[in-house]
Amino acid sequence: MTTKTINHLLTLEELTPSALDDLLGLAAEVKRQPEAFQSGLAGKKVALLFEKASTRTRMSFEVGVVELGGYPLFLSSSDLQIGRGEPLTDTIQVMSRYVDALMIRTYAHETVETLAAAGSIPIINGLTDSHHPCQVLADLLTVEEVFGTRTGKTLTYIGDGNNMAHSLMIGGALSGMHIRIASPEAYTVETDIFERANELAATTGGSVTLWQDPVVAASGADVIYTDVFASMGQEAEAAERVTQFAAFQVDAALMQQAKSEAIFLHCLPAHRGEEVTADVIDGPQSVVFDQAENRLHAQKALMLTLLA
Ligand code: CP
Ligand code: NVA
């Protein structure tokens with residue numbers, strides 16, 4: 001199976017289209033019959049290290065490891081010696097002697113690359129400033145559940161050109177989807193990630209395009225997706241961003257531009273009245289809690305693929 005060759009999940013670029021298909025197929029299977037996988041990680045220890053806050057990532061990984069028969073270790077950087085200056089490269093070499101994998105949520109994306117290079121266990125990116133691959137595995141599983149396919153579907157992401165936008169571009173490109181990113185000009189995605197996603201899309205029949213008008217970008221879409229205006233670490237910019245992103249709120253009028261059967265996705269946490277109105281996120285087109293649940297199933301499939 002192609003997925004066997006995956007050593008880490010730092011970005012979705014580690015996956016081929018068929019590896020992604022296998023992973024999401026396994027996730028659907030794990031969701032359908034979780035009891036069949038309850039010994040899948042028997043005897044395996046998974047460290048979960050957080051340098052930023054988390055509700056979904058922390059809980060879904062912790063519960064996921066337990067449901068697979070493994071042992072999760074929740075770690076906060078402020079409690080470890082890295083908080084007092086111990087080099088990350090020493091820390092990961094020590095961790096590699098104790099546990100079978102490390103999931104980490106951190107700031108600079110280079111941190112996960114350093115860990116992958118210095119350690120000898122799989123590293124799972126639980127969010128960096130640049131990528132959130134685990135979230136997009138759940139997002140793609142949700143799209144597939146709703147529409148029966150990902151290929152050819154149009155997902156319009158409205159908002160900041162951040163970690164979510166980057167991982168959606170890559171995951172969508174691998175899926176043969178049409179990904180439209182609508183952001184204020186000063187907050188668009190990173191050019192090199194956009195170019196790589198474009199190259200990938202050319203191999204799958206998908207496309208990745210950048211837009212400045214959210215109304216035009218939403219036209220005829222199957223999925224409307226948004227995320228917070230200010231990500232973790234950008235708290236000081238929050239007020240300025242509310243002003244800059246005022247025209248990029250997902251409201252009922254914007255949803256009207258999409259197909260009538262379109263769904264609304266948000267990685268959560270959400271700010272009602274900022275990036276999305278309450279009537280949309282709490283309305284009939286929103287599947288955000290199915291999406292959040294799918295974090296659990298997708299990550300169980302990921303850990304089985306990396307560790308079993
Ligand atoms: N979507 C997501 O990663 O949520 P948390 O920040 O709560 O983990
Ligand atoms: N872009 C957000 C995603 C949170 C899940 C952040 O990085 O804070």
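Listed values, structure above:
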quantity	calculated
Contact order normalised by residue count of the range 125-250, Cα under 8 Å, 6+ apart, percent	27 percent
For the range 22-171: rounded, prolate or oblate by the Cα gyration tensor [a/c cutoff 1.5]	oblate
Shape category assigned to the chain from the gyration tensor of Cα positions, a/c cut at 1.5	prolate
The range 201-298: GluC sites (Glu not before Pro) in DSSP coil with no more than 10 other Cβ atoms inside 10 Å	Glu261
Bridge type composition, the chain - antiparallel percent by DSSP, nearest 5	0 percent
Projected-area average for the range 93-152 over all orientations - Cα convex hull basis, square nanometres	5.2 nm²
Prolate/oblate/rounded label for the range 213-308 (Cα gyration tensor, a/c 1.5)	oblate
Probe 1.4 Å, accessible area per residue of the range 148-263, Å²	39 Å²
C-alpha center-to-center spacing [the range 115-165, the range 1-59] in angstrom	12 Å
Relative contact order [Cα under 8 Å, 6+ residues apart], the chain, whole percent	20 percent
Cβ-defined net charge surrounding Leu168, 11 Å radius [Lys, Arg +1; Asp, Glu -1]	-1
Between the range 213-285 and the range 60-104, the alpha-carbon center distance in angstrom	34 Å
Gaussian network model of the chain, Cα within-10 Å springs - most flexible of Gly176, Gly40, Gly83	Gly83
Cβ-based net charge around His178, under 11 Å, with every Lys or Arg adding one and every Asp or Glu removing one	+2
Charge sum, other residues only, whose C-beta stays under 12 Å from Ala252's C-beta, Lys/Arg counted +1 and Asp/Glu -1	-3
Carbon and sulfur %, accessible surface of the range 89-219 computed with the full protein complex present, 1.4 Å	48 percent
Accessible area in square angstrom per residue, the range 64-115, 1.4 angstrom probe	52 Å²
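The values are calculated or read from the model by the stated rules, or taken from the named source; none is laboratory data. These figures come from a predicted structure and were not determined experimentally. As a convention, Cβ positions derive from the backbone with ideal geometry for all residues, glycine included, and neighbour counts pool all protein chains shown. The accessibility values were calculated without ligands, DNA or RNA, using every heavy atom of the protein model including side chains. Shrake-Rupley method; radii C 1.70, N 1.55, O 1.52, S 1.80 Å.
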